[in-house]
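The values are calculated or read from the model by the stated rules, or taken from the named source; none is laboratory data. Keep in mind it's a predicted model, so treat the numbers as computed, not measured. Don't worry about glycine lacking a Cβ; one is built from the backbone with ideal geometry, like all the others, and counts go over all protein chains shown. Accessible surface areas use protein heavy atoms only, side chains included; no ligands, DNA or RNA. Shrake-Rupley method; radii C 1.70, N 1.55, O 1.52, S 1.80 Å.
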Amino acid sequence: MSDTPAADPENTLILEIEHGTVTIALRPDLAPKHVEQIKALARQGFYDGVPFHRVIEGFMAQGGDPTGTGSGGSELPDIEAEFSQPGTARFQRGTCGMARTSNPHSANSQFFIMFAPAPSLDGQYTIWGQVTAGMDAIDKIKRGAGGSGMVQGPDKIRSLKVAADAA
């Protein structure tokens, strides 16, 4: 990619977790509606204190549900799917995607960060960002148990801010 989205503070998120600071370059080129929703929620402080409720070793860490159950969301409306074709963007280590139900147009506030590539998600879930720094902190998030990956006593998001607002 010739342009560096991380150089744009309006399209960069700063995620603070107990293990460190994570920088996420947003991808409005792939998912403009999802990026806008995440920025709006971050600016409301919606994500502050929200757990990583579902964390599966070798797969991903999921957060963004204030209830910590996997069934909660925000008061904002759900977002229409913005799936990328695998030739455009793929789920790799550090990719940020939107969680959803079986309805492709049900993404709201829950998101996940990939620990490893998952080609099975390509074209099936919306990619909205990429971790550009701090993946070592993501790797330390407390893992869940069983197939569901539900976490007992989960790690929480300390804060999620748009870099332009954090300066």
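Of the residues making up the stretch 2-19, at least one is under 25 Å from Gly123 (Cβ atoms), at pLDDT below 95 and in contact with a Leu (Cβ under 8 Å, 6 or more places away or on another chain).
In the stretch 125-139, the residue that is surrounded by the most Cβ atoms within 10 Å (Cβ to Cβ) out of those that are among the β-branched types (Val, Ile, Thr) and touching a Ser or Thr at 6+ places or on another chain (Cβ under 6 Å) is Ile127. Meeting the requirement of 2 or more residues that are polar (S, T, N, Q), the strands (runs of 3 or more DSSP E) wholly within the stretch 64-167 are 127-133. Considering the stretch 6-56, the residues that are assigned to a loop (DSSP other than H, G, I, E, B) and of a type in the set (Gly, Ala, Ser) include one that is nearest to Thr95 (Cα to Cα), namely Ala31. The residue that is surrounded by the most Cβ atoms within 10 Å (Cβ to Cβ), counting only those in the stretch 54-69 that are more than 14 Å from the chain's Cα centre (by Cα) and farther than 20 Å from Ala40 by Cβ, is Ile56.
So for the stretch 99-120 (the condition being open to solvent by 60 Å² or more (accessible area, probe 1.4 Å), more than 17 Å from Val35 (Cα to Cα) and of a type in the set (Val, Ile, Thr)), does at least one residue qualify? Taking every residue of the stretch 99-120 in turn, at least one turns out to be open to solvent by 60 Å² or more (accessible area, probe 1.4 Å), more than 17 Å from Val35 (Cα to Cα) and of a type in the set (Val, Ile, Thr).
Residues that are under 14 Å from the mean Cα position of the chain (by Cα) and not basic (Lys, Arg) were ranked within the stretch 140-164; the one that is surrounded by the fewest Cβ atoms within 10 Å (Cβ to Cβ) is Ser159.
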